[in-house]
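This report concerns only the one structure given below.
The values are calculated or read from the model by the stated rules, or taken from the named source; none is laboratory data. Note that the coordinates shown come from a computational prediction; the quantities given were computed from them, not determined experimentally. Counting neighbours? That spans all protein chains shown, and the Cβs are built from the backbone with ideal geometry, glycine included. The area values use the complete protein model at the heavy-atom level, side chains included, leaving out ligands, DNA and RNA. Shrake-Rupley method; radii C 1.70, N 1.55, O 1.52, S 1.80 Å.
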Amino acid sequence: MSALDVKKIRSDFPNLHIQVHGKPLVYLDNAATTFKPHCVIEAMDAYYSQGTSNVHRGVHYLSEHATQAFEEARKTVAEFLNAAKPQEIIFTRGATESINLVAQSYGRAFLKPGDEILISHMEHHSNIVPWQILCQQTGCVLKVAPINRQGEIIWEEFLRLLGPKTKIVSVVWVSNSLGTVNPVENIIKEAHQRGAVVLVDGAQAVTHAPVDVKALDCDFFVFSGHKIFGPTGVGVLYGKEKLLDAMPPYQGGGDMIASVTFAKTTYNVLPYKFEAGTPAIAEVIGLGEALRYVQSIGFADMAAQKKELLEYGTQVLSAIPGVTLIGTAKEKTSIISFIVEGIHPHDLGTLVDEEGVAIRTGHHCTQPVMDFFGVPATARASMAFYNTKEELDVLAKAIHKAKEVFHA
């Protein structure tokens, strides 16, 4: 049983205490974005109200103070991921930009026609499209490991597709539309034995379990700040130093250079080589605060609470006649996708919203997953550690009410 004091934790999140359509909000859309605790909001407000300045370039007090806060956040991220050093942490706009950075920098520099990139069928569009673009640019080939009806990678097929031509394996750790937890440790081990580098999309995984990039031995790891109670507009690319050092810059501009003449430009050292222009300073500071907040709660208690919510939500929703769960993997986290017979997911989402319940409806940026299960869209309830079983009861009641409206 979870040891979390959920009532106390909920007091940290002001957004949990608003009303929607005159009813208390039940927020079950955490896979899309999470709410922000007071400490994150206050850290960003302090930067804007008392410490606004650019970083790295100024010698005055405000600039030095902002630079220190910015780089402290980088150290916090490095510690959070157990990276070897802060220089392995690149700040981006989010997981999407991080994957694009690897595709356009590492991919264009080191892949040649005929080389293969292996992904899985359950990837978010952000882990499909960048590789398709790279294939168009370089002549390399995209391979897709299939999944079964439970929403799990078919391991034998994955191994069959992982061959000597595979140069990059890029897989999601936790599926945003199915909740499946993939065996990334085994994937990385097998890929390395065949000489491929591995990128792990950790956007949904960073709130699921502690991340230790050294223990995983992944080559690249990406996530977005807003999925882990931090701000939007900031994300992280972790890369092994030797790989990042060998990669060309992704974008050109200020702060990523050592010197510039019209004849030649030399580039800055890591991590600045990949951080052209003024970064999202307040957001980086907020992300650092969010990670410190999560660490203060503790992953073990967070995981226990989410496991309880997954089990209870699965039980409650499965008991509703006409509800079919999409994604029933043995290893899952607190994401439940489902359809209700006779009600389009978008109509369902609208009706439960009138009861104050926020769920996600649509293809969740995983259209190939929808095609595989033969549905245009699903409804998705995704729980964070601040959610409660009572809120899942409210969702169930709202679904029953929607069924009455549609006579479903």
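Things worth noting here:
- Cβ separations smaller than 7 Å between residues 6+ apart or across chains give the following pairs from segment 78-93 residues that are among the acidic types (D, E) to residues that are in a loop (DSSP other than H, G, I, E, B): E88/K240.
- Scanning segment 147-160 for residues that are in contact with an Asp or Glu (Cβ under 9 Å, 6 or more places away or on another chain) and within 19 Å of R194 (Cβ to Cβ), we see that the one that is least open to solvent (accessible area, probe 1.4 Å) is F158.
- Counted residues, segment 126-144 - those being assigned to a helix (DSSP H, G or I) and surrounded by 16 or more Cβ atoms within 10 Å (Cβ to Cβ): 8
- Subset tally (residues that are in a helix (DSSP H, G or I) and open to solvent by 20 Å² or more (accessible area, probe 1.4 Å)) for segment 103-125: 6
- Yes/no for H407 being modelled with pLDDT under 95 and open to solvent by 30 Å² or more (accessible area, probe 1.4 Å): yes
A quick yes/no check of all residues on (1) closer than 22 Å to T180 by Cα; (2) open to solvent by 30 Å² or more (accessible area, probe 1.4 Å); (3) assigned to a helix (DSSP H, G or I); (4) modelled with pLDDT under 95:
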residue: E289; (1), (2), (3), (4): no, yes, yes, no
residue: V316; (1), (2), (3), (4): yes, no, yes, no
residue: T328; (1), (2), (3), (4): yes, yes, no, no
residue: T350; (1), (2), (3), (4): no, yes, yes, no
residue: D371; (1), (2), (3), (4): yes, yes, yes, no
residue: A379; (1), (2), (3), (4): yes, no, no, no
residue: A384; (1), (2), (3), (4): yes, no, no, no
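- Qualifying residues in segment 161-179 (those that are under 12 Å from I117 (Cα atoms) and among the hydroxyl-bearing types (S, T, Y)) - the one surrounded by the fewest Cβ atoms within 10 Å (Cβ to Cβ): T166
- Residue count for segment 355-369, restricted to those that are in a strand (DSSP E or B) and under 18 Å from T333 (Cα atoms): 1
- Only residues that are at pLDDT below 95 and charged (D, E, K, R) were counted across segment 34-63, and they come to 1.
- Residues in segment 92-102 that are open to solvent by 20 Å² or more (accessible area, probe 1.4 Å) and in contact with a Pro (Cβ under 7 Å, 6 or more places away or on another chain): N100 alone.
- Given (1) farther than 28 Å from L178 by Cβ; (2) part of a helix (DSSP H, G or I), index of the condition R57 fails: (2)
- Residue in segment 394-404 that is part of a loop (DSSP other than H, G, I, E, B) and either surrounded by fewer than 22 Cβ atoms within 10 Å (Cβ to Cβ) or modelled with pLDDT of 95 or more (or both) present: no
- Only one entry in R10, R57 is surrounded by 14 or more Cβ atoms within 10 Å (Cβ to Cβ) and out of contact with any Cys (no Cβ under 7 Å at 6 or more places or on another chain), namely R10.
- Whichever residue in segment 291-314 is buried (at least 18 other Cβ atoms within 10 Å of the Cβ) and among the polar types (S, T, N, Q) and, among such residues, is farthest from V394 (Cα to Cα): Q305
- Flag if I41 is surrounded by fewer than 20 Cβ atoms within 10 Å (Cβ to Cβ) and of a type in the set (A, V, I, L, M, F, W, C): yes
- A Cβ distance below 8 Å, combined with a sequence gap of six or more or placement on separate chains, defines the contacts here; from segment 303-321, residues that are more than 15 Å from E331 (Cα to Cα) reach residues that are among the hydroxyl-bearing types (S, T, Y) and in a loop (DSSP other than H, G, I, E, B) in the pairs Q305/S2; G313/S334.
- Exactly one residue out of Y250, Y267, Y272 is more than 22 Å from A145 (Cβ to Cβ), touching a Pro at 6+ places or on another chain (Cβ under 8 Å) and open to solvent by 40 Å² or more (accessible area, probe 1.4 Å): that is Y267.
- Only a single item in (1) of a type outside the set (S, T, N, Q); (2) at pLDDT below 95; (3) more than 19 Å from E72 (Cα to Cα) is not met by D255, and it is number (3).
- Residue ranges of helices (runs of 4 or more DSSP H) in segment 166-277 with at least 2 members under 30 Å from Y386 (Cβ atoms) and in contact (Cβ under 8 Å) with a residue 40 or more places away in the chain: 213-216
- Counted residues, segment 13-26 - those being open to solvent by less than 20 Å² (accessible area, probe 1.4 Å) and not in a loop (DSSP other than H, G, I, E, B): 2
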